[in-house]
Amino acid sequence: MMDITKLGVRGVGESECCHPSWNSFRKAIGKAGLTCAMMKLVLCNFDHGAWKSGDRLEAKKESFDDYLRNQPREYFSLFSERVAHDRMESYDAEVDPGETLAAKTKAWFGILACLRDLSFDWTIQERHSGSPEPDEEHDEEEQQEELLKMYNKDGPTSMVAGFMADRSLQSIARMLFVIAQPMEQAYYDTLSRLQEGWPGQADWASKRAMGSWWTTVWRILQTLQTPELHDRLCMMMSLGKQLPPDELPEWAKPEHHLLLKAFAFATALAENVFWSNAQFWLSIPALIASLLSRNRAFKRRALQQMRRLVCAVEALEQHQQRNPHNKELEALLADLGWQQQQMARECMALLLQGDFQDVTSVLSPEGLEERQWANSRFFAPQKTLLPNPEAVHSAAHIFQTGWRKAGTLSQQRSAAAAAFLMEDSASTWDFFTFAEPRYADVPINDLEWMYNFTLDSGACDWEHVPVRKLVRGLVPASLANAGIFFALQRVGVNQALVPAAVKAGVWLSAQHLKWLCASLEVNPPNKGSGRSGALLKADWARALVQHLFPEESPENIKKMIGSLSFNSQKKLNTEEKRVLDLVAQLDEENRECPEFKKMAKLAKAQVKEEERQQTEHEVRERVKAEAQEKRQQEAEQQQEADRQQQELEAASPASAARSGARKASETPATLKSVLKIPEMSDIGLNRDPSSYGYRATFPASTLSPLASFSLQRV
């Protein structure tokens with residue numbers, strides 16, 4: 001990207017087709033809060049390493065075969081129904097297969113295949129540790145434990161057994177591969193089209209530029225309405241009631257909790273798939289690929305999009321030149337990014353020269369008009385812009401100026417910037433600060449956006465509608481008969497966007513928080529809580545919350561301020577820490593497997609960091625306690641010494657010279673008594689250079705027999 005952006009190299013950088021899909025799945029897992037569950041599911045697929053080859057695998061199979069062969073028929077009848085549900089097969093062995101539906105699955109990136117296989121054999125791999133059983137079955141359980149100890153010893157078997165006992169984990173696995181199935185199918189359709197050669201690749205690239213990926217987004221969201229998802233999650237069938245109850249029944253609470261996870265994952269996955277592909281419709285030269293289509297109507301529609309996009313970028317650059325100090329416009333152009341690349345600039349120039357006409361159908365039977373246009377313009381020196389060469393920048397200058405970052409987030413910001421500048425070009429981007437682009441509705445292959453350019457409740461076009469998500473059992477009969485298995489129930493009146501968002505606990509950056517306060521005319525406090533009275537982000541958040549909710553309780557105000565101000569990561573709970581500890585303590589054999597190396601390294605690092613933080617905290621508290629104890633002991637010793645000194649002084653005879661510590665500026669009492677006698681007035685004190693001191697003279701009768709003495713300087 002540095003060569004393309006800074007050196008003017010003619011080229012296009014694009015990631016391989018699998019990366020957008022994989023990044024979308026990975027980010028959706030994190031946003032839906034399913035990271036720990038995914039880690040558990042990956043750990044449950046531990047059948048690898050040395051057990052996959054050689055005599056160990058055969059011995060393991062033979063041992064399990066012998067164990068199952070010796071079990072009575074009642075042993076299998078206890079869980080045969082659950083096994084049938086895991087495999088989506090009929091529980092009745094004599095049913096006609098032609099009257100049933102077959103499920104067709106394919107593997108994708110390994111992870112979804114692992115989840116399917118794991119759910120397929122979940123009950124078989126599960127180890128029960130429930131209520132007490134008869135002696136014979138208890139003996140069988142002991143045999144099974146001995147068998148597992150024989151072949152796994154200190155391996156991950158006990159850890160996986162605990163995971164397999166959690167049936168909600170199986171529901172999450174089913175939810176993941178059912179909701180991700182449309183994206184998986186789109187990925188394999190892409191691979192098949194790319195294997196067809198140049199015609200298939202050109203058709204695929206043109207359709208991607210025209211928004212074929214939106215079908216995948218729509219199908220992901222539609223999985224919430226499919227009976228397969230609700231059957232896989234063991235949801236209750238519709239009860240046929242006209243209206244759902246006001247309060248959730250007890251049986252519906254676990255299903256509702258699982259439905260919320262499915263909804264969060266589906267919306268997050270659809271969102272990431274959309275933003276990963278929006279760049280192909282909102283950037284040059286990616287949009288040029290749409291001209292490879294054989295459908296002339298598609299080409300005309302693509303050229304209209306190119307006209308809007310290129311003209312908006314050109315107008316924005318001219319407007320930015322007239323307002324060079326507008327930092328917001330500079331940030332918008334920096335987010336756009338692709339307009340600085342050589343290939344994009346040349347494509348924009350050719351589109352402007354050709355007046356956005358369809359010049360790609362020159363060789364078609366109906367291409368006479370296009371051929372005439374090409375003959376009049378191509379290779380005409382009078383009408384062709386010649387290059388204007390410039391000296392190549394030095395390497396130091398290139399590194400100092402920097403370049404646009406790569407990655408999915410950069411591409412998403414670029415697509416959002418392109419969508420905004422096309423929408424707000426009529427107002428010369430006066431609403432830049434508060435633009436919030438979001439995708440809303442897409443009829444067929446077209447794309448419509450939701451924009452909000454004002455925060456005034458009276459002038460805003462959008463409102464927050466509070467809803468409740470209904471499980472299949474509570475969906476009204478009229479909707480269930482129409483094939484709707486998931487519905488949203490309106491539970492309140494519409495609310496203004498800003499108060500509803502603040503109350504819901506959104507997070508805003510400091511700059512956005514200041515812009516929001518300025519738009520709502522919220523005055524910040526005169527003195528902040530920072531150093532020297534500086535205003536902090538929490539001060540702006542407090543002013544906004546108190547302005548919007550003046551009568552709210554202090555607890556809710558504190559909660560909303562914390563949500564606006566702090567974006568701290570959620571701490572690990574006890575279960576997540578236990579998973580990390582288990583991964584970090586894998587046995588030596590499994591530790592060498594590539595599937596666990598990276599995970600074990602990450603787990604060990606995180607556990608070590610937690611131990612370091614805990615140790616640092618304990619040491620800090622210990623040092624504080626020791627310092628406090630030392631200060632207390634010193635204070636007690638000083639008090640004891642003062643008390644002993646006072647006792648000694650009280651026990652000794654009273655004396656004027658020993659009545660206390662003598663001050664430096666106070667004349668001793670003994671000397672005062674000597675100075676008060678009359679003869680002292682005849683005493684003289686003169687400097688004696690020969691003795692480097694002073695000589696005192698006084699009457700001989702005063703201090704007989706001494707007549708005089710010298711005072712030497714000490």
* For residues that are without any contact (Cβ under 8 Å) to a residue 60 or more places away in the chain and surrounded by 17 or more Cβ atoms within 10 Å (Cβ to Cβ), scanning just region 184-216, find the one that is nearest to R301 (Cα to Cα). => W204
* Structure fact -> So the helices (runs of 4 or more DSSP H) completely within region 501-610 holding 2 or more residues that are modelled with pLDDT of 60 or more, of a type outside the set (S, T, Y) and within 24 Å of C36 (Cα to Cα) are 574-584
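Based on this model, can you work out whether H319 counts as surrounded by 14 or more Cβ atoms within 10 Å (Cβ to Cβ), modelled with pLDDT under 60 and in contact with a helix residue (DSSP H, G or I) (Cβ under 9 Å, 6 or more places away or on another chain)?
no
Among the residues of region 168-175, are any assigned to a helix (DSSP H, G or I), out of contact with any Pro (no Cβ under 6 Å at 6 or more places or on another chain), of a type in the set (K, R) and modelled with pLDDT under 80? If you could, list the steps in order and put the result at the bottom.
The initial filter retains those residues of region 168-175 that are assigned to a helix (DSSP H, G or I), namely 168-175.
Checking the rest, the ones that are also out of contact with any Pro (no Cβ under 6 Å at 6 or more places or on another chain) come to 168-175.
The next check asks that each one be of a type in the set (K, R); those that pass are 174.
Still in the running and modelled with pLDDT under 80: none.
No, that holds for no residue.
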* Asked: Do we find that D424 is modelled with pLDDT under 75, loosely packed, with under 14 Cβ neighbours inside 10 Å and under 30 Å from A315 (Cα atoms) in this structure?
  -> no
* What pairs can you find where one residue is in region 326-344 and at positive phi and without any contact (Cβ under 8 Å) to a residue 24 or more places away in the chain, the other is of a type in the set (K, R) and surrounded by fewer than 16 Cβ atoms within 10 Å (Cβ to Cβ), and their Cβ atoms are less than 7 Å apart, with a gap of 6+ or different chains? -> none
* Structure fact -> When L248 is run through (1) in a helix (DSSP H, G or I); (2) touching a His at 6+ places or on another chain (Cβ under 8 Å), the failure sits at (1)
* Asked: Does region 487-505 hold any residues that are over 17 Å from T454 (Cβ atoms) and in contact with a strand residue (DSSP E or B) (Cβ under 7 Å, 6 or more places away or on another chain), and which are they?
  -> A487, L488, Q489, R490, V491
* To do: Hey, could you check region 243-273 for residues that are of a type in the set (F, W, Y) and within 22 Å of the chain's Cα centre (by Cα) and say which is nearest to R26 (Cα to Cα)?
  => F265
* Give the residues of region 203-235 that are at pLDDT below 85 and among the basic types (K, R), sorted by residue number. => R232
* Asked: Considering region 346-374 alone, what residues qualify as being surrounded by fewer than 17 Cβ atoms within 10 Å (Cβ to Cβ) and at pLDDT 70 or above?
  -> E346, A349, L350, L352, Q353, G354, D355, Q357, Q372
* Structure fact -> Exception for E196 within (1) assigned to a loop (DSSP other than H, G, I, E, B); (2) of a type in the set (D, E, K, R); (3) modelled with pLDDT of 85 or more falls at (3)
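Is there a residue being touching a helix residue (DSSP H, G or I) at 6+ places or on another chain (Cβ under 7 Å), free of Cβ contacts under 8 Å to residues at least 12 places away in the same chain and closer than 24 Å to D424 by Cβ anywhere in region 292-310?
So in region 292-310, the residues touching a helix residue (DSSP H, G or I) at 6+ places or on another chain (Cβ under 7 Å) come out as 292-293, 298-299, 302, 305-306, 308-310.
Restricting the remaining residues to those that are free of Cβ contacts under 8 Å to residues at least 12 places away in the same chain gives none.
No, every residue in region 292-310 fails to be touching a helix residue (DSSP H, G or I) at 6+ places or on another chain (Cβ under 7 Å), free of Cβ contacts under 8 Å to residues at least 12 places away in the same chain and closer than 24 Å to D424 by Cβ.
The values are calculated or read from the model by the stated rules, or taken from the named source; none is laboratory data. Only a predicted model underlies this, so the values are computations on that prediction, with no experimental measurement involved. For neighbour counting, all protein chains shown are included, and Cβ atoms are generated from backbone atoms with ideal geometry for every residue, glycine included.
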